[in-house]
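S.K.: After the structure tokens below, expect a handful of questions from me.
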Amino acid sequence: MKKELLHKIQKELIYIGISMIFFVAVFKIIFYNDSIFVAARLVASLFWAFAIPGYFIMLYWNERLELKERFVIGIAVAAAITGITSYYLGLIGINIKWHGVALPLVISAVGIWFGFGKK
Amino acid sequence: MEKSKISGKISIEIIYIAIVFSFLLFLGLGNLWNHQIKHEFPYAYFASDAFQHQTRAEGIKEAGSYKNEPFYNVFGVKDVVGYYPPVLYHLAVILSHLSGLEVYDTIYFLPFFFAALSAIIIYFVIRKLSIGSAILAMPLAVLLFYKGAYTGFTWGVWPSLISQFFLVAFFWSIANIDIEKSSFLFAILLSAVIMSHTSEAFFAGFMLTAYFTFRMIKKTATKDLIKKILIGALLTLIISSFYLVIFRGIWMERQPYSYSVIKEWGSPTLFIADFKILILFFAVGLIACFLLIKNENIFPIIMSILMLLFSYTNYVGFGDRAFQLRYFWGVYLSVLFGFGIYHLAKTAYRKWSSAHSIILAVVIFIVISFAGIEYFPSYEKISSPGIMNRNNWDTLQWISKNTEQDAVIYFFYGDAYNQDAILRNSKRTHKLIVPQDYADAINKKEIRRYFETESPGDGGGGAAIRKGLLSFEFKLDEMEKNKEFEGKKDICSFDYYVFDKGTAQTAFAQYNIIMAKELLKKDFVKLVYGNDNTLSIILKNTKPGEDCIEEGTIA
């Protein structure tokens, strides 16, 4: 069961990687007056902050929902968790400059934990 | 119901979704931003509210948290509790740190990014009912960038737009409430609605009630469903409780709900008639929904109809909150539109397939986006740098980096300054001359020391200082009592003066130069920024309070 999930994750992360490359190209087309590096960094940031943690947090529902739906809803869920948690972390004194690095890691870890912990 | 002929070929569906998302971003933001991500100053900002949110986010980035409002946003009062719903600001600052972009770009990017994503989320909501309808619904999202709806973006109604994005995601969670552990998704998305722009949560609550009632009528409201809703509601309360205390103690105190029927709004908005011929498809969608009344997955249609009704609750006391929902009509009404056009197509051609739906959707996209046909609503391209310009930005940046933190800056007339939140980019306490009084001085050819003066700032939260866990003191009341915001002020009492040398009405520019020259006659007033080549100059008054200008008439 866990092996199957691991295999699924590997496969799906490849799709997500491909979609990231696709969106770098799309952003370069939309924002053609900027360099590809600016577009690539923005897309990478969006994937790091929302898409990847969203994917892992939605892993729990991988049997019920298809990847495309989990991927899109995951972005909304990750944005919600990030925005709210960042607010509270700031209030307890953890500077927001660290949140962009730490929160996606923590959210992804929690998502993996729940995903694999599902009975 | 139509059987999916594209479910096996996921690539076609995914490509369609990805192209629609990209296309919406291209139309909405690409054109508006001159196809650039990175700008040298806040670009395409068209109203004060946009600067309000931008400067608040800048303040959070500098402070590292949203414990307090930046003092320059609240009349120079320090330690004012951060009272605005915080989610947008935090997301913008995080994205700024990660992407290397300025906050003024990321905070503007997010509403477009999430609005485009809303169209995809609603696709998945409709998809459970009919793939063909879902495909055909998507072109209506182009009308997010149409007339009054577009001004929601360009005028800076961003917190509401972000909240409505989470509201759409919350609707998805309702549509999927029967999946295991859905309470978590329900709670986190509803909390994000509350903590992005709280008023949308009322509509979320109404929607949930309507959905539950529907399930009761259908006799499918199981114990498990009730349990999920209760757990979701409880989790939401826990997650958002800290902010809700602020909302209760500040917003509900300062701007309590009062019943008022308004038919028109101060900001541009949409009316159903603006959809022109497309109303016919909404009507067909509405009629067709009765055919599906027994269908379990009818929630998307209930949602669409209710959101349309909620958008008209300005007639029953919800005021501008109702109008704000109309910014997202391109998403909410897409259900009725897609459903209507799909049923017409299906009636006309029995063998209608998903591939046909995609082809027709592409045609509709083209018509709504580019054709400009009179009877069809269509995308309206906006392409302008907006209110800010390089000169104003450089001037404001200079102030923020080179003046003392407690300095008070006095702005003489500038064309952009009527959208006064732009001045918060000075990151200092600031005052602004009242143009009418300035014009009066020009007409009478007088050099004056005392002018009618505004104290711009965000008064919505009353400049609240926290006095206890549940109690707040409103500094604004004290300031109003002391008449700090009224009447003529002595310009000699301020630390810096900003003069624009280029204004649309040359009389203002000429008088600005005269006033600057008069002030410079005193040896304690010095030119600290600008020269003959710059469009603005800044003078420093090294002896605030002393007689800084000779009153008289212009020869």
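S.K.: Let me confirm one metric for peptide B:83-93, namely the mean number of other chain beta-carbon atoms within 10 Å of its residues' beta-carbons. Could the numbers behind the result be given before it?
M.R.: On the way: counts 0, 0, 2, 7, 7, 2, 5, 13, 10, 1, 6.
For this peptide, the per-residue mean of nearby foreign Cβ atoms is 5.
S.K.: Next up: Which whole-Hz ³J(HN,Hα) couplings does region B:505-513 yield from phi under the Karplus relation 6.51 cos²θ - 1.76 cosθ + 1.60, θ = phi - 60°, glycine and proline marked x?
M.R.: Coupling constants for region B:505-513: 9, 4, 4, 5, 5, 5, 5, 4, 5 Hz.
S.K.: What is the set of long-range amide H partners of B:GLU454 at a cut-off below 5 Å, with H atoms built 1.01 Å from backbone N?
M.R.: B:LEU432, B:ILE433, B:VAL434
S.K.: Sticking with this structure for a sec: Mind checking which of B:LEU469, B:VAL157, B:LEU278 is farthest towards the positive end of chain B's charge dipole, using Cβ charges of +1 (Lys, Arg) and -1 (Asp, Glu) about the Cα centre?
M.R.: The listed residue farthest towards the positive side: B:LEU278.
S.K.: Based on alpha-carbon atoms only, what is the radius of gyration of region A:2-117 relative to the globular estimate 2.2 N^0.38 Å?
M.R.: Working: Rg = 15.2 Å, N = 116, 2.2 N^0.38 = 13.4 Å.
Output field value: 1.14.
S.K.: Measuring from a point 7 Å past the Cα of B:VAL261 along Cα-to-C-beta, which residues in region B:307-336 have an amide N at less than 12 Å?
M.R.: B:314-318
S.K.: Looking only at Cβ-Cβ distances, which cysteines of chain B have no other cysteine closer than 4.7 Å?
M.R.: For chain B, the answer is B:CYS289, because their Cβ atoms have no other cysteine Cβ under 4.7 Å.
S.K.: A further question on this structure: Report the residues of region A:50-73 in range of a label on B:GLU180: point 7 Å along Cα→C-beta, backbone N strictly under 15 Å from it.
M.R.: Answer for region A:50-73: A:58-66.
S.K.: Take the alpha-carbon centre of region B:13-72, take the same for region B:476-553, and report the distance between them in whole Å.
M.R.: Their Cα centres are 33 Å away from one another.
S.K.: Give me the base-10 log of I(q)/I(0) for region B:390-553 at each q in 0.20 Å⁻¹, Debye formula, one uniform scatterer per Cα, rounded to two decimals.
M.R.: -1.41
S.K.: Can I ask one more? With no solvent and one point per C-alpha, what does the Debye sum give as log10 I(q)/I(0) for chain B at q = 0.06, 0.11 Å⁻¹?
M.R.: Once normalised to I(0) and log-transformed, intensities are -0.36, -1.02.
S.K.: How many partner chain Cβ atoms sit within 10 Å of a residue's Cβ in peptide A:23-31, on average, as a whole number? If you can, show how the numbers build up before the last one.
M.R.: Working: counts 4, 0, 1, 7, 5, 1, 4, 13, 10.
Shielding by partners across A:23-31 averages 5.
S.K.: Further, regarding this structure: Hey, got the average number of other protein chain Cβ atoms within 10 angstrom for residues in B:62-69? Could the numbers behind the result be given before it?
M.R.: Numbers: counts 1, 3, 9, 12, 5, 5, 0, 0.
That average works out to 4.
S.K.: Mind checking which lysines have their Cα closer than 16 Å to the Cα of B:LYS401? Skip sequence neighbours fewer than 8 apart in that chain.
M.R.: Straight-line reach from B:LYS401, under 16 Å: B:LYS61, B:LYS427, B:LYS540.
S.K.: Which ³J(HN,Hα) values in Hz, rounded to whole numbers, follow from the phi angles of region B:65-79 under the Karplus curve 6.51 cos²θ - 1.76 cosθ + 1.60, where θ = phi - 60° and Gly and Pro get x?
M.R.: Couplings: 7, 10, 5, 10, 6, x, 4, 6, 8, 10, 6, x, 6, 8, 6 Hz.
S.K.: For chain B, with only Lys/Arg (+1) and Asp/Glu (-1) charged at the beta-carbon, what is the dipole magnitude about the Cα centre, in debye rounded to 20?
M.R.: On the way: 53 positive and 48 negative charges, 474 e Å.
About 2280 debye.
S.K.: Please compute how much accessible surface disappears when B pairs with A, both sides summed, using a 1.4 Å probe, and round it to the nearest 100 Å².
M.R.: Details: alone 23860 and 8260 Å², together 27110 Å².
The B and A chains share an interface burying roughly 5000 Å².
S.K.: Which helices count as membrane-span-like in chain A under these terms: full DSSP H, at least 27 Å along the axis by C-alpha, Kyte-Doolittle mean of 0.5 or more? Write out the running numbers ahead of the final one.
M.R.: Numbers: long enough: A:2-30 (40 Å, 0.96); A:67-91 (35 Å, 1.20).
In chain A, the long hydrophobic H runs are A:2-30, A:67-91.
S.K.: Taking a threshold of 19 Å on the Cα-Cα distance, which of the pairs A:LYS2/A:LYS118; A:LYS28/B:LYS147; B:LYS488/B:LYS521 fall above it? Intermediate values should be presented prior to the final figure.
M.R.: Working: A:LYS2/A:LYS118 10 Å; A:LYS28/B:LYS147 27 Å; B:LYS488/B:LYS521 23 Å.
From the list (A:LYS2/A:LYS118; A:LYS28/B:LYS147; B:LYS488/B:LYS521), the Cα-Cα distance tops 19 Å for A:LYS28/B:LYS147; B:LYS488/B:LYS521.
S.K.: For region A:2-117, which whole-number percentage of the solvent-accessible area (1.4 Å probe, protein heavy atoms only) is attributable to carbon and sulfur atoms? Walk me through the numbers on the way to the answer.
M.R.: Values: 3850 of 5220 Å².
Carbon-and-sulfur percentage of accessible area, whole number: 74.
S.K.: Then there is this: Taking region B:284-391, which chymotrypsin sites (Phe, Trp or Tyr not before Pro) meet the DSSP loop condition and have no more than 12 other C-beta atoms within 10 Å? Intermediate results must be reported in sequence, preceding the final value.
M.R.: Working: sites: B:PHE290, B:PHE310, B:TYR312, B:TYR315, B:PHE318, B:PHE323, B:TYR327, B:PHE328, B:TRP329, B:TYR332, B:PHE337, B:PHE339, B:TYR342, B:TYR349, B:TRP352, B:PHE365, B:PHE370, B:TYR375, B:TYR379; in loops: B:TYR312, B:PHE318, B:TYR349, B:TRP352, B:TYR375, B:TYR379.
Sites meeting the loop and neighbour criteria: B:TYR349, B:TYR375.
S.K.: Please give the length that would be gained between B:LYS488 and B:GLU296 if that part of the chain were fully extended, namely 0.36 nm times their separation in residues minus their C-alpha to C-alpha distance (nm, one decimal).
M.R.: Values: separation 192, 0.36 × 192 = 69.12 nm, distance 6.64 nm.
Net length gain for the segment: 62.5 nm.
S.K.: Another one. So for each of B:541-554, B:162-175, B:90-103 I average, over its residues, the number of other beta carbons within 10 Å; can you give me the resulting order with the highest mean first? Kindly include the intermediate steps, with their values, before the conclusion.
M.R.: On the way: B:541-554: 13.9, B:162-175: 27.9, B:90-103: 23.9.
Top to bottom by mean Cβ count within 10 Å: B:162-175, B:90-103, B:541-554.
S.K.: Against the longest alpha carbon principal axis of chain B, how many degrees, from 0 to 90 and to the nearest 10, is the axis of helix B:390-402 turned?
M.R.: That works out to roughly 70 degrees.
S.K.: Another one. Using only Cα atoms, find the angle between the long axis of helix B:48-63 and the longest principal axis of chain B, and express it within 0 to 90 degrees, rounded to the nearest 10.
M.R.: Between helix and principal axis, roughly 80 degrees.
S.K.: Tell me the angle of helix B:182-194 to the major Cα principal axis of chain B, expressed in degrees between 0 and 90 and rounded to the nearest ten.
M.R.: Here the helix axis deviates by roughly 30 degrees.
S.K.: For labels at B:THR542 and B:ILE513 in the simple 7 Å Cα→Cβ model, what's the distance in nm?
M.R.: The answer from the label model is 2.7 nm.
S.K.: Along region B:332-348, what does the Karplus equation 6.51 cos²θ - 1.76 cosθ + 1.60 (θ = phi - 60°) give for ³J(HN,Hα), rounded to whole Hz, x for Gly and Pro?
M.R.: Karplus values, whole Hz, x for Gly and Pro: 4, 7, 4, 5, 4, 4, x, 5, x, 5, 5, 5, 5, 5, 5, 5, 6.
S.K.: Next question, about the same structure. Report relative contact order for region B:447-512 in percent, whole number only (criteria: Cα-Cα under 8 Å, sequence separation at least 6).
M.R.: Details: 53 pairs, mean separation 22.1, N = 66.
With pairs under 8 Å counted, the relative contact order is 33 percent.
S.K.: Determine the alpha carbon to alpha carbon distance for each of A:LYS68/B:LYS227; B:LYS276/B:LYS351; B:LYS263/B:LYS481; B:LYS128/B:LYS218 and list only those over 24 Å. Numbers along the way, then the final one.
M.R.: Working: A:LYS68/B:LYS227 28 Å; B:LYS276/B:LYS351 29 Å; B:LYS263/B:LYS481 34 Å; B:LYS128/B:LYS218 18 Å.
The answer is A:LYS68/B:LYS227; B:LYS276/B:LYS351; B:LYS263/B:LYS481.
S.K.: With contacts defined as alpha carbon pairs under 8 Å and 6 or more residues apart, what's the relative contact order of region B:390-553 in percent? It would help to have the intermediate numbers written out before the result.
M.R.: Values: 273 pairs, mean separation 41.3, N = 164.
Relative CO of region B:390-553 lands at 25 percent.
S.K.: To the nearest 20 debye, what is the magnitude of the charge dipole of the protein assembly as shown about its Cα centre, counting +1 on the Cβ of each Lys and Arg and -1 on the Cβ of each Asp and Glu? Working shown, then result.
M.R.: Details: 65 positive and 54 negative charges, 586 e Å.
Value, rounded to 20: 2820 debye.
S.K.: Run the reach check for B:LYS38 against aspartates and glutamates, Cα to Cα strictly under 13 Å, same-chain hits fewer than 8 apart removed. What comes back?
M.R.: Within reach: A:ASP34, B:GLU102, B:ASP105.
S.K.: Moving on to the next point. Tell me, what is the percent relative contact order of chain B, built from C-alpha pairs under 8 Å that lie six or more residues apart? Mind showing how you got there, number by number?
M.R.: Details: 915 pairs, mean separation 100.4, N = 555.
That works out to 18 percent.
S.K.: Take the Cα pairs of the protein assembly as shown, get the Kirkwood Rh, then feed it into Stokes-Einstein at 37 °C and 0.692 mPa s and tell me D in µm²/s. Could the numbers behind the result be given before it?
M.R.: Details: Rh = 26.6 Å.
For these conditions, the coefficient is 123 µm²/s.
The values are calculated or read from the model by the stated rules, or taken from the named source; none is laboratory data. Remember, predicted model here, so these are calculated numbers, not experimental data. Heads up, the Cβs are rebuilt from the backbone with ideal geometry, glycines too, and the neighbour counts pull from every protein chain shown. Heavy atoms of the whole protein, side chains included, go into the accessibility calculation; ligands, DNA and RNA do not. Shrake-Rupley method; radii C 1.70, N 1.55, O 1.52, S 1.80 Å.
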